[in-house]
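One structure is given here, and the rest of the page talks about it.
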Amino acid sequence: MGKKGAERITGFLGLQPPAQFLILLALGPQAGWSWTLGCWWQHWGAPHCPIMASALTIILLSCWLAGHSGAWGEPSYPKPNISLSPSGGVSLGGAVSVWCRGQHQGMRFVLNKEGRHFPAVDPKGLEAMFPISNVSRDDRGRYNCSYHSRSGSAATSSPSDPVELVVRDPSLPGPSISLSPTGVTAAGTDVTIRCRGQPRDVRFFLHKAGDLNPPRHMDPAGDGAEFHIPTVGRQHGGNYCCSYRPRSEPFVSSQPSHPVQLVVAAAPPGHQDFTYANIARLALSAMVLLIMGLILAEAYYSRSREVP
């Protein structure tokens, strides 16, 4: 965009020079840095200081280029995804793989653990695997990964979100687990899952098979902890187990409890499933808002085309 294009935008909006300066500054070099600053100086600044305006133009343009080229350490690539396999923890002496997935070809991945750097790995496709065999307590903790180009560029990605490697200690026996109420549970019922065992200086964790979300945790009350699931629906059905972790070693876990199965009965005829009904209402509301936004946008652009 050149001088005439920028003039048409600010003139159409009816903006005065200070506002023009701010708007065109946000538009970037395409709007013409020199013309933007020159226009502002001519109307509101020092019309007899072209050297100062040119110097300010060069400074601002250099800042913009540095910020977009990574010269100030700004990452040039989006952060990768990270996951563990298996994801539910690994026993001492076992094996686990850390997977990192990026969005660009020709990258090199680096795995980090609290300041410890692993040897870089070239991925197969978009994914890189870091195997960890004979797992020990030293391997527990938070991991993240990043990647950079193999071409020698200094640009690197933002680090991934952290993932926790929890090590199971066979010397810590698994707790007991129970459901209340037992048996097949009617939809809409409040369910309590109780975990018992090792009440001192531990935190209990509730795991659901196949759930990729972090496990729920709770401090013990007495000799265990209670996890409440209000108004259960079909999405809550499945197998649950619990474990505990010493507070002094938050990434060391007990063995898991035996699983219990939460079976949720189908809603009886004539009974409305409010969970899915609410989802349907939200989807319908979103569609209505989208249609209204499109109508308003069309009206705005139609009016702008009519302006001479």
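The values are calculated or read from the model by the stated rules, or taken from the named source; none is laboratory data. Just so it is clear, the structure is predicted and the values come from calculations on it, not from any experiment. Here the Cβ is made from the backbone with ideal geometry for all residues, glycine too, and neighbour counts use every protein chain on show.
A few remarks follow.
- TYR143 vs. criteria part of a strand (DSSP E or B) and more than 25 Å from ASP211 (Cβ to Cβ): no
- Top-ranked residue of the range 266-288 - restricted to ones that are part of a loop (DSSP other than H, G, I, E, B) and in contact with a Lys or Arg (Cβ under 9 Å, 6 or more places away or on another chain), ranked as modelled with the lowest pLDDT: ASP273
- Among the residues of the range 127-151, those that are surrounded by 16 or more Cβ atoms within 10 Å (Cβ to Cβ) and not aromatic (Phe, Trp, Tyr) comprise ALA128, ILE132, VAL135, ASP139, ARG140, GLY141, ASN144, CYS145, SER146, HIS148, SER149.
- Residues of the range 200-216 satisfying the condition of being under 15 Å from GLU249 (Cα atoms), surrounded by 15 or more Cβ atoms within 10 Å (Cβ to Cβ) and not β-branched (Val, Ile, Thr): ARG203, PHE204, PHE205
- First in the range 109-129 and free of Cβ contacts under 8 Å to residues at least 24 places away in the same chain, second anywhere and buried (at least 20 other Cβ atoms within 10 Å of the Cβ) and aliphatic (A, V, I, L, M), Cβ under 6 Å, 6 or more apart: PHE118/LEU111; ALA120/VAL110; VAL121/ALA128
- The number of residues in the range 161-175 that are part of a strand (DSSP E or B) and out of contact with any Lys or Arg (no Cβ under 9 Å at 6 or more places or on another chain) comes to 1.
- Qualifying residue in the range 99-108 (condition: in contact (Cβ under 8 Å) with a residue 60 or more places away in the chain and surrounded by fewer than 14 Cβ atoms within 10 Å (Cβ to Cβ)): no
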